[in-house]
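Note sheet for the following structure.
The numbers here are math on the coordinates, done by the rules we state, and not lab data. Everything quoted here is computed from the prediction, not taken from an experiment. No Cβ is skipped: glycine too gets one built from the backbone with ideal geometry, and neighbour counts run over all protein chains shown.
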Amino acid sequence: MGISKASDYAILIMAYFSSQPEGTIRSKSGIAKDLSLPGEYLSKILQKLTKSGMIISIKGVKGGYRLKEFPCQLTFLDVIESIDGKINIVECLSEDFKGCRRQNICMSLIKKMSLVNAGITNVLRNTTFTDISVPVLQ
């Protein structure tokens with residue numbers, strides 16, 4: 001189990017923004033250069049983070065992106081769920097799971113996996129970007 005590459009990059013981007021002085025506006029090309037991320041992929045992630053309300057897109061010549069909220073208000077869980085949706089370490093824990101032929105066989109396994117899922121979710125919910133800094137690549 002792991003998070004998607006998009007969520008991985010989104011966490012990196014949010015940690016990067018959290019490392020900047022409050023209100024700093026960064027261009028997409030600047031972010032891509034500083035974090036060594038592919039531009040096309042970065043655009044999609046920035047769109048999702050903007051749509052979720054974690055960052056703000058500023059139009060114009062001096063435009064770019066900046067954090068909407070303080071780093072202490074943003075959690076890893078917020079970021080991952082804005083990119084990938086709810087965390088479910090196994091498919092049968094998802095809200096839209098319709099069941100399968102093994103459901104009765106797996107019941108005790110599902111209960112344990114649910115506890116594991118809750119533990120992971122809890123850690124991510126309690127991890128903010130307050131104390132995280134990302135050095136810029138040179």
Calculated P(r) of the stretch 1-78 - Cα pairs past 22 Å, %: 15 percent
Taking neighbour Cβ counts within 10 Å as the exposure measure, how do Ser36, Ser18 sort from fewest upward? Ser36, Ser18
Which three semi-axes in whole Å describe the equivalent ellipsoid of the stretch 48-90, each the square root of 5 times a Cα gyration tensor eigenvalue, listed largest first? 25, 12, 5
Please find the FRET efficiency linking Glu40 to Ser19, where r is the Cβ-Cβ separation and R0 is fixed at 22 Å, and quote it to the nearest 0.05. 0.40
Among trypsin sites (Lys or Arg not before Pro) in the stretch 1-66, those in a DSSP loop whose Cβ has at most 10 other Cβ atoms within 10 Å are Lys59, Lys62
Any idea what the dipole of the stretch 1-133 comes to, in debye rounded to 20, about its Cα centre with Lys/Arg Cβ at +1 and Asp/Glu Cβ at -1? 320 debye
Once Ile132 and Gln73 are pulled to full extension, the length gained, defined as 0.36 nm per residue separation minus their Cα-Cα distance, is 19.9 nm
Just rank Glu81, Glu69, fewest to most, by other beta-carbon atoms within 10 angstrom. Glu69, Glu81
Return the ratio Rg/(2.2 N^0.38 Å) for the chain, where Rg is computed over Cα atoms only. 1.23
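As a footprinting exposure proxy, order Met107, Met113, Met14 by other Cβ within 10 Å, with the fewest listed first.
Arranged by neighbour count, lowest to highest, Met107, Met113, Met14 become Met107, Met113, Met14.
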